[in-house]
Amino acid sequence: MTRATHILGIETSCDETAAAVIRRGADGEGAILSNVVLSQLKDHAPYGGVVPEIAARAHVNHLDRLIAQAMREAGLSYDELDGIAATAGPGLLGGVIVGLTMAKAIALATGKPLIAVNHLEGHALTARLLQKVDFPYLLLLISGGHTQFQIVEGVGTYHRLGTTIDDALGEAFDKVAKLLGLGYPGGPQVEARARQGDPARFDFPRPLKGRKDCNFSFSGLKTAVREVVTGLGTLTDQDVADVCASFEAAVAETMADRLRMAVHLFRASHPEVQRPALIVAGGVAANRKLKDVFEQAAALHGLSLIVPPPRLCTDNAAMIAWAGAERLALGLTDDLGVAARARWPLDQAQAPVYGSGKLGAKA
Ligand code: KG4
Ligand code: ZN
């Protein structure tokens, strides 16, 4: 496509209700015209995690207002849009249905094409909204629901190098926070407490370290934390800080090891790429200690590191609109019968990993 396009994006797959409008220029450069995100954090905090029914209901209550706001801030009429993109999965099915149905209704009423976007593709392509990044590149996605390495070969073409065989990394942070009686979401709380802690006090396991693949496992680490916490009985503030710091140290060392493997596998499959880009996305990418690990790995392995700013790393609709624009540019649109999907791996050819359950990989 040789002209600029404007896309409305809708994101409702988890606990953020979001709408955004982006512009994709004729040369493929991106611009965010509006990006509205309503976090449901307060609604779920009392339960220590996301409650699917509460999430779906909140999406229904707020989505139309947020879309109107996104359109107003972008200063565009529906006539000026070139497509309507919405997350069609993977995610909490009730929420995905809310957003996708809204997108279908707008597409039907305006006669504009519908683009059903894989939420993970939104994360995977965000870097290209911000700057010129050529395919192929290496993606590390670390969020509350996903922990995986992908080679992004092109729009719609992914090769998964590794994933978690049990918990997602953000989930592990959240569970450790819960064990310590810290609030939800746990990642930022664990990070803050860790700053005052001794990372060497507890020798937590480094899961799968040294293995010749790029998979992750965090449930054993979480169990080790639970045993220490139970053993300590009543926790002082210093105990909490030391557990957090020791947990972060175990995660950081594991991540450095897995990254080394991922780069090795990337280079083996793409020896022609001199300086591969490493894109880190997802809420956990905000963690300072892990950012240090990524920066050191980038220097060590000759990578161009790109960590999008937090508001584009965590769930948002600009990334969905952008993925929609990239797909539309290739003529990839969907008909109004397209279904919402709770599970939808980016790499369709991927083998299920051990522990991923009979419904397929969770992350
Ligand atoms: O990408 P995200 O906003 O939502 C999805 O899961 O899709 O990621 C949220 C996750 C939560 O598990 C949260 O605890 C974690 O990211 N997180 C962090 C930090 N900030 C958010 N984990 C570690 N350190 C942080 N600073
Ligand atoms: Zn996400």
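The values are calculated or read from the model by the stated rules, or taken from the named source; none is laboratory data. Everything numeric in this text was worked out from a predicted model, so none of it was measured. Heads up, the Cβs are rebuilt from the backbone with ideal geometry, glycines too, and the neighbour counts pull from every protein chain shown. Areas reflect the complete protein model, heavy atoms only, side chains present, ligands, DNA and RNA absent. Shrake-Rupley method; radii C 1.70, N 1.55, O 1.52, S 1.80 Å.
Residues in region 171-191 that are in contact (Cβ under 8 Å) with a residue 24 or more places away in the chain, open to solvent by less than 40 Å² (accessible area, probe 1.4 Å) and among the aliphatic types (A, V, I, L, M): Ala172, Val176, Leu180, Leu182, Val190.
Scanning region 67-77 turns up at least one residue that is under 30 Å from Ala277 (Cβ atoms) and open to solvent by less than 40 Å² (accessible area, probe 1.4 Å). Scan region 1-37 for residues that are surrounded by fewer than 18 Cβ atoms within 10 Å (Cβ to Cβ) and of a type in the set (Asp, Glu) and the total you get is 2.
For Val273, the conditions (1) farther than 30 Å from Ala74 by Cβ; (2) within 15 Å of ligand 1 (Cβ to nearest atom); (3) surrounded by fewer than 21 Cβ atoms within 10 Å (Cβ to Cβ) are fulfilled apart from (2).
When region 118-146 is filtered for residues that are touching a His at 6+ places or on another chain (Cβ under 6 Å) and part of a strand (DSSP E or B), only Leu141 remains. Every condition in (1) open to solvent by 10 Å² or more (accessible area, probe 1.4 Å); (2) within 20 Å of Gly283 (Cα to Cα); (3) modelled with pLDDT under 95; (4) touching a helix residue (DSSP H, G or I) at 6+ places or on another chain (Cβ under 6 Å) holds for Asp166 except the one numbered (3). Residues that are within 16 Å of ligand 2 (Cβ to nearest atom) and touching a strand residue (DSSP E or B) at 6+ places or on another chain (Cβ under 8 Å) within region 281-311 comprise Ala281, Gly282, Gly283, Val284, Ala285, Val307, Pro308, Arg311, listed in sequence order.
The one condition from (1) part of a helix (DSSP H, G or I); (2) farther than 22 Å from Thr314 by Cβ; (3) open to solvent by 10 Å² or more (accessible area, probe 1.4 Å) that Ala107 does not meet is (3). Counted as qualifying within region 3-97 are the strands (runs of 3 or more DSSP E) with 1 or more residues that are among the aliphatic types (A, V, I, L, M) and out of contact with any Gly (no Cβ under 9 Å at 6 or more places or on another chain), namely 30-39. Among residues of region 7-44 being touching a Phe, Trp or Tyr at 6+ places or on another chain (Cβ under 9 Å) and within 12 Å of ligand 1 (Cβ to nearest atom), the one that is farthest from Ala107 (Cα to Cα) is His44.
Residues that are under 21 Å from the mean Cα position of the chain (by Cα), open to solvent by 70 Å² or more (accessible area, probe 1.4 Å) and touching a residue at least 12 places away in the same chain (Cβ under 8 Å) are absent from region 214-225.
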